[in-house]
Amino acid sequence: MLNYRPKMFDESSDTNTSKELFLIICSFVVVFMLIRGLNAIAPAIALSRLIKQEEEISSNDPRVKIPYLFGTVLGIIVAIIYCRFLEHRPVRSMGVKRKGFLVHYLSGTLAGAALMSSTILMTKLTGTGTVKLCGNVNYKLIVLYLLGFCVQGMSEEFVFRGYFMNSIGGAGHHTAIAVGVSAAAFGISHGENYGFGLLPLLNIALFGVLASLCMILFENIWGISAIHSIWNFTQGNVYGISVSGTGETESILRTTVTSDKTYLTGGKFGMEGSIFTTIALGTAALIVFLLILGKAASAKKTPEAAE
């Protein structure tokens, strides 16, 4: 069992809100639906303008998708306002720490790229898919996607980990409950995406577990924000795979599946619906979990050594 309690939970404990898990979940649902509505504003404006000029516009069109990615900054703002002014807890309780920001973010960038690349490597080694270089790549668009995903990945981390997980932990609930409930909510939140199913749900929730464990281990939100952002960016704009069922977009490489087995390819949901993703995320989560156990054991020995 995960008995380690991070400092963030203690920093989140002094609030004027309910300690009941059910009420915390209900409050989160309300806040999440508000954020979801606000996130739809930017793409809706872009879409309405384009519809006047063209008959059919996909929601995955970069002229719609990029405004959406940047518009998710509203999720960060709403999560901070809620935690700071309604729960009355400091922003640092969300994992916002100045110390080590650059190191953690750069490390997370490398880790996110390595995680997604490992799933692509398994795809190639098993003959499940091929990867080829795209011609006439619009690199200016690629940069815009990179910046947009940096905002979008951080936004989801502020909402699901910085806010929701730490609110549950701060209310005095067991660390495992805080991790499990927030990860399950993260998985369910993708339920409307195209191609969603049992394995995609498992993998998205597993990513939520990994994200929670990383945040607990390092006591800040920056590393996992980078992992999340670069995971999405490399998946969609480097390897050319549908990101959580949202469809293909401009990319440097194009990954083409050669198998009809959806548990290997992920089907319409993309690589996040593949068993290879389960293996990659599960391995990473286990490693981080063991590091937390080591950190907890070390923390117990420190007072004894001081005596």
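Can you tell me which of SER27, SER13 is touching a helix residue (DSSP H, G or I) at 6+ places or on another chain (Cβ under 9 Å), small (Gly, Ala, Ser) and at pLDDT below 95?
When all the criteria are applied, what remains is SER13.
Does SER93 fit the bill of being surrounded by 18 or more Cβ atoms within 10 Å (Cβ to Cβ) and among the small types (Gly, Ala, Ser)?
So SER93 fits the description; yes.
Can you tell me which residues in segment 21-45 are out of contact with any Gly (no Cβ under 9 Å at 6 or more places or on another chain) and closer than 22 Å to GLU248 by Cβ?
Passing the criteria: none in range.
If we keep just the residues of segment 162-172 that are in contact with a helix residue (DSSP H, G or I) (Cβ under 6 Å, 6 or more places away or on another chain) and not hydrophobic (A, V, I, L, M, F, W, C), which is nearest to VAL96 (Cα to Cα)?
Once the filter is applied, the top-ranked residue is GLY162.
With the requirement that a residue be charged (D, E, K, R) and within 22 Å of LYS7 (Cβ to Cβ), what does segment 152-202 give you?
Of everything in segment 152-202, those that are charged (D, E, K, R) and within 22 Å of LYS7 (Cβ to Cβ) turn out to be GLU157, ARG161.
Would you check if VAL151 is surrounded by fewer than 22 Cβ atoms within 10 Å (Cβ to Cβ) and either touching a Phe, Trp or Tyr at 6+ places or on another chain (Cβ under 6 Å) or at pLDDT below 95 (or both)?
Spelling it out, VAL151 is indeed surrounded by fewer than 22 Cβ atoms within 10 Å (Cβ to Cβ) and either touching a Phe, Trp or Tyr at 6+ places or on another chain (Cβ under 6 Å) or at pLDDT below 95 (or both).
Would you pick out the residues in segment 16-32 that are out of contact with any Phe, Trp or Tyr (no Cβ under 7 Å at 6 or more places or on another chain) and assigned to a helix (DSSP H, G or I)?
LEU21, PHE22, LEU23, ILE24, ILE25, CYS26, SER27, VAL29, VAL30, PHE32
Tell me, yes or no, whether segment 44-57 has at least one residue that is small (Gly, Ala, Ser), surrounded by 18 or more Cβ atoms within 10 Å (Cβ to Cβ) and more than 21 Å from the chain's Cα centre (by Cα).
Yes; the residues of segment 44-57 include at least one that is small (Gly, Ala, Ser), surrounded by 18 or more Cβ atoms within 10 Å (Cβ to Cβ) and more than 21 Å from the chain's Cα centre (by Cα).
With SER155, SER107, SER167 as the choices, which residue is in contact (Cβ under 8 Å) with a residue 12 or more places away in the chain, closer than 17 Å to GLU219 by Cβ and in contact with a Gly (Cβ under 7 Å, 6 or more places away or on another chain)?
SER107
Select from segment 96-113 the residues that are under 21 Å from ILE287 (Cα atoms), surrounded by 16 or more Cβ atoms within 10 Å (Cβ to Cβ) and not aromatic (Phe, Trp, Tyr) and list them in ascending order.
Correct list: HIS104, SER107, GLY108, THR109, ALA111, GLY112, ALA113.
Starting from segment 188-210, take each residue that is surrounded by fewer than 19 Cβ atoms within 10 Å (Cβ to Cβ) and list its partners that are basic (Lys, Arg), counting only C-beta distances under 8 angstrom and pairs at least six apart or across chains.
So the pair list comes out as TYR194/LYS268; GLY195/LYS268.
Output yes when any residue across segment 113-136 is part of a helix (DSSP H, G or I), within 18 Å of ILE216 (Cα to Cα) and touching a Gly at 6+ places or on another chain (Cβ under 7 Å), and no when none is.
So far as segment 113-136 goes, no, none of its residues is part of a helix (DSSP H, G or I), within 18 Å of ILE216 (Cα to Cα) and touching a Gly at 6+ places or on another chain (Cβ under 7 Å).
Of all residues in segment 192-240, how many are within 15 Å of the chain's Cα centre (by Cα), of a type outside the set (A, V, I, L, M, F, W, C) and farther than 29 Å from LYS132 by Cα?
Number of matching residues: 4.
Residues being surrounded by fewer than 19 Cβ atoms within 10 Å (Cβ to Cβ) and in contact with a Gly (Cβ under 9 Å, 6 or more places away or on another chain): count how many of those fall in segment 71-90.
Total meeting the criteria: 1.
Specify the residue that is surrounded by the most Cβ atoms within 10 Å (Cβ to Cβ); the eligible residues are those in segment 175-187 that are in contact with a Leu (Cβ under 8 Å, 6 or more places away or on another chain) and without any contact (Cβ under 8 Å) to a residue 60 or more places away in the chain.
Residue satisfying both the conditions and the ranking: ALA183.
The values are calculated or read from the model by the stated rules, or taken from the named source; none is laboratory data. Keep in mind the model is a prediction, meaning the values are calculated, not measured. Note: ideal-geometry Cβ built from the backbone for every residue, glycine included; neighbour counts use all protein chains shown.
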